[in-house]
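Structure first, commentary second.
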Amino acid sequence: MASPQIEKKPHILEETQIHAPWTVILFNDEVHTFDEVIIQLVKATGCALHEAEALTWEVHIRGKAIVYQGDIESCLRVSSILREIELITEITG
């Protein structure tokens, strides 16, 4: 007696597996003022002023901070806006 054939279905990745989170990292520099960075973070990410202030302090103290997470297109947009005033960024994913 032949065993029944089991149909193998390809593994389908869930949406979260296909679109791994991307991050924008902002690096400290000795050129920009706190106010310049805070204003640009609000402009780039849409975060609240107090969040931008906290991120700016983290960048200052630690030398860098993750300032945004999202899909690659959004990260490219955020990074581009930060770089308008020549802030140093990196996108990782």
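Brief remarks follow.
- Here, the range 32-92 is characterised by an Rg to Rh ratio of 0.92, where Rg is the alpha-carbon radius of gyration and Rh the Kirkwood radius.
- 5 angstrom amide H check on Ile88, placed H, neighbours 5+ away: Phe27
- Contour minus Cα-Cα distance for Glu73 and Glu58 (0.36 nm per residue): 2.9 nm
- The slack between Ile91 and Glu36, meaning 0.36 nm per residue of separation minus the straight C-alpha distance, is 17.7 nm.
Throughout, read-outs are computed from the coordinates displayed, never taken from laboratory work. Given the structure is predicted, the values throughout are model-derived calculations rather than measurements.
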